[in-house]
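For reference, the structure is listed below as structure tokens.
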Amino acid sequence: MSPTGLAVAALLALGVAVTWLSCLGVLLMRDPYDRLHYTAPASAVAPVLIAAAVVVTEGLSAAGIKALLVAFVLVATNPVLGHATARAARIREHGQWTITDAERKEGGR
Amino acid sequence: MNQWTVAALALLAGLVPCGVVCLRGGPVDRLIGLELAGTVDTLVLLVLAQAYDRAIYFDLALALALLSFAGGLVFARFLERWI
């Protein structure tokens, strides 16, 4: 296998491994807040690795640029989505997403 | 069957834990499973576009990335108060 092929295989394998670990983490955690942490690697690390594999194969052609664009969209939108989901979880639990009076008495979090 | 097809099949296996999370737990846990499934689907489309060697197929992955983000935001907004 050529060095390029080897690099592509390694990048793809890493991307798949990161995605699997992320999915397993979401499956094994018990709390929505803990689960949210494990969605980050799948949408911040794996797209970059896979887009890098595409760019190594194709160079900066139409395919390479679009792959980088997809990775950028995933990396940019996931934190927003995570914040919105955690906010929804807190509002369901406490009625507000800012710090509650009980938490302030405990010393805050 | 090249390495891209193998990677797409391997990524598809990651949807099983997402499906299990969507079947169990509270509404917010299910939403998180759905969001992760959207991300994994985007990656599958990205790898498949390269497997089929068609530059136009990358647009599908881009559309799914943007739409799953918008869908997740709408679900989160509704879960805040109404559902």
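Quick note: the coordinates plus some simple rules give every number you see, no bench work behind them. Only a predicted model underlies this, so the values are computations on that prediction, with no experimental measurement involved. When we count neighbours, we look across all protein chains shown, and the Cβ atoms used for this are built from the backbone with ideal geometry, even at glycine.
Restrict the check to segment B:33-40 and report whether at least one residue is more than 8 Å from chain A (Cβ to nearest Cβ) and farther than 18 Å from A:Ala51 by Cβ.
We begin by selecting, within segment B:33-40, every residue more than 8 Å from chain A (Cβ to nearest Cβ); these are B:34, B:37-38.
Filter again for farther than 18 Å from A:Ala51 by Cβ, leaving B:34, B:37.
Yes, segment B:33-40 has at least one match.
Looking at segment B:8-32 only, could you name the residues that are under 15 Å from the mean Cα position of the chain (by Cα) and facing another protein chain (nearest Cβ under 7 Å)? First the steps, then the outcome.
In the first step, residues of segment B:8-32 are kept if they are under 15 Å from the mean Cα position of the chain (by Cα); the result is B:8-22, B:30-32.
Hits for segment B:8-32 are B:Ala10, B:Leu11, B:Gly14, B:Pro17, B:Cys18, B:Val20, B:Val21, B:Leu31, B:Ile32.
A:Val55 passes all but one of (1) surrounded by fewer than 21 Cβ atoms within 10 Å (Cβ to Cβ); (2) facing chain B (nearest Cβ under 9 Å); which number fails?
Among (1) surrounded by fewer than 21 Cβ atoms within 10 Å (Cβ to Cβ); (2) facing chain B (nearest Cβ under 9 Å), A:Val55 violates only (2).
Would you confirm, using the coordinates I've provided, whether B:Asp53 is among the acidic types (Asp, Glu) and over 17 Å from the mean Cα position of the chain (by Cα)? Outline the logic, then answer.
Numbers: among the acidic types (Asp, Glu): yes; over 17 Å from the mean Cα position of the chain (by Cα): yes.
So B:Asp53 passes the test.
Given the criterion in contact (Cβ under 8 Å) with a residue 40 or more places away in the chain and crowded, with 16+ Cβ neighbours inside 10 Å, identify the matching residue among A:Thr4, A:Thr39, A:Thr19.
Values: A:Thr4 fails: crowded, with 16+ Cβ neighbours inside 10 Å; A:Thr19 fails: in contact (Cβ under 8 Å) with a residue 40 or more places away in the chain.
Just a single option satisfies the conditions, and that option is A:Thr39.
So which of A:Ala89, A:Ala46 ends up being closer than 27 Å to B:Val74 by Cβ, among the small types (Gly, Ala, Ser) and under 16 Å from the mean Cα position of the chain (by Cα)? Walk me through how you get there before you give the answer.
Working: A:Ala89 fails: under 16 Å from the mean Cα position of the chain (by Cα).
Going through A:Ala89, A:Ala46 in turn, the sole match is A:Ala46.
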